[in-house]
1. Might you check whether a residue that is more than 21 Å from residue 3 (Cα to Cα), part of a strand (DSSP E or B) and either in contact with a strand residue (DSSP E or B) (Cβ under 6 Å, 6 or more places away or on another chain) or modelled with pLDDT of 95 or more (or both) occurs anywhere in the stretch 100-120?
2. Considering only the stretch 85-98, I want to know if a residue exists there that is surrounded by fewer than 22 Cβ atoms within 10 Å (Cβ to Cβ), in a strand (DSSP E or B), touching a helix residue (DSSP H, G or I) at 6+ places or on another chain (Cβ under 9 Å) and at pLDDT 95 or above.
3. Kindly provide the set of residues from the stretch 52-72 that are farther than 22 Å from residue 233 by Cα and assigned to a helix (DSSP H, G or I), ordered by number.
4. Could you please find all residues in the stretch 230-251 being surrounded by 18 or more Cβ atoms within 10 Å (Cβ to Cβ) and either within 13 Å of the chain's Cα centre (by Cα) or in a loop (DSSP other than H, G, I, E, B) (or both)?
5. Restricting the first residue to the stretch 218-242 and requiring it to be in the same structural domain as residue 161 (by TED's automatic domain parsing) and at positive phi, which pairs with a second residue that is part of a helix (DSSP H, G or I) and surrounded by fewer than 19 Cβ atoms within 10 Å (Cβ to Cβ) meet a Cβ separation below 8 Å and a spacing of at least six or different chains?
6. How many of the residues making up the stretch 52-71 are out of contact with any strand residue (DSSP E or B) (no Cβ under 9 Å at 6 or more places or on another chain) and loosely packed, with under 13 Cβ neighbours inside 10 Å?
7. Testing residue 49 on (1) surrounded by fewer than 17 Cβ atoms within 10 Å (Cβ to Cβ); (2) touching a helix residue (DSSP H, G or I) at 6+ places or on another chain (Cβ under 9 Å); (3) part of a helix (DSSP H, G or I), one condition comes back false. Which one is that?
8. Any idea how many residues of the stretch 208-229 are assigned to a helix (DSSP H, G or I) and loosely packed, with under 14 Cβ neighbours inside 10 Å?
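The values are calculated or read from the model by the stated rules, or taken from the named source; none is laboratory data. Quick caveat: nothing in here was measured; it's all calculated off a predicted structure. For neighbour counting, all protein chains shown are included, and Cβ atoms are generated from backbone atoms with ideal geometry for every residue, glycine included.
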């Protein structure tokens, strides 16, 4: 049986220690700050982005992985006699997946999965692929089973400010104005098409909103796959918020793994600081 290589776009935002331990190959998107381009997670971090935005009054942009980068990765591993399972950033958000899919058609044994998600929603699928690989499944079987989990992933997050989404062209001026005037902190969900929708609107002080959001996410904990759950944030969050999340998780059952993750540059570029998120897969 051929060795299976698991690859993923960088917005999966898996912690580096997990990436190394599970032998995951990360393919970075690009972050554009003015005329300069950086590789997500390699030569820039969210703190750099926030500093740039504050000093230049300009918003970052992101660029999809070009076909040539996918070609380099897929050709390397297939030439070594391996199969590849690639989990991509939602096609409803980025053209990266269509680029990967197009390139994969040039190779035998390369399977691309549209996560229809982002951040650790993707990351959970990547980890499931690793679980299946560890069972010695072949790439085709891994891809089929991961694809069956895509509709079960729940990806939501609460944004502290609409500024980044608005200036990045992902919400209207009217929506931003209304949120600011009313003190609304929206919960954003990734829908079945892999696009972003407002799921709920919270009001109040940030920390209280975060706690209410976490409680809401775990309201139906009995329906969640208990193998893993994730709490993530985009920086500048009080440690008490992550402690609260862990406490709620632990009160709701025994988990195989509770992961705390930092949102990477792509997610932070669109959501800004003080964004919190909970990710899980339904049974």
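1. First pass over the stretch 100-120, keeping only residues more than 21 Å from residue 3 (Cα to Cα): 102, 114-120.
Filter again for part of a strand (DSSP E or B), leaving 114.
Filter again for either in contact with a strand residue (DSSP E or B) (Cβ under 6 Å, 6 or more places away or on another chain) or modelled with pLDDT of 95 or more (or both), leaving 114.
Taking every residue of the stretch 100-120 in turn, at least one turns out to be more than 21 Å from residue 3 (Cα to Cα), part of a strand (DSSP E or B) and either in contact with a strand residue (DSSP E or B) (Cβ under 6 Å, 6 or more places away or on another chain) or modelled with pLDDT of 95 or more (or both).
2. Applying the first criterion (surrounded by fewer than 22 Cβ atoms within 10 Å (Cβ to Cβ)) to the stretch 85-98 yields 91-92, 94-95, 98.
Subsequent filtering for residues that are in a strand (DSSP E or B) retains none.
No, the conditions are met nowhere in the stretch 85-98.
3. Matches in the stretch 52-72: 55, 56, 67, 68, 69, 70, 71, 72.
4. 230, 231, 232, 233, 234, 237 - these are the residues of the stretch 230-251 that are surrounded by 18 or more Cβ atoms within 10 Å (Cβ to Cβ) and either within 13 Å of the chain's Cα centre (by Cα) or in a loop (DSSP other than H, G, I, E, B) (or both).
5. Close Cβ pairs satisfying both conditions: 235/47.
6. Filtering the stretch 52-71 down to residues out of contact with any strand residue (DSSP E or B) (no Cβ under 9 Å at 6 or more places or on another chain) leaves 54-55, 57, 59, 67-68, 71.
So of that shortlist, the ones also loosely packed, with under 13 Cβ neighbours inside 10 Å come out as 54-55, 57, 68.
Final tally of qualifying residues: 4.
7. With respect to (1) surrounded by fewer than 17 Cβ atoms within 10 Å (Cβ to Cβ); (2) touching a helix residue (DSSP H, G or I) at 6+ places or on another chain (Cβ under 9 Å); (3) part of a helix (DSSP H, G or I), residue 49 is out only on (1).
8. Step one: filter the stretch 208-229 for residues assigned to a helix (DSSP H, G or I), giving 208-217, 221-223.
Still in the running and loosely packed, with under 14 Cβ neighbours inside 10 Å: 208, 215, 222-223.
Number of matching residues: 4.
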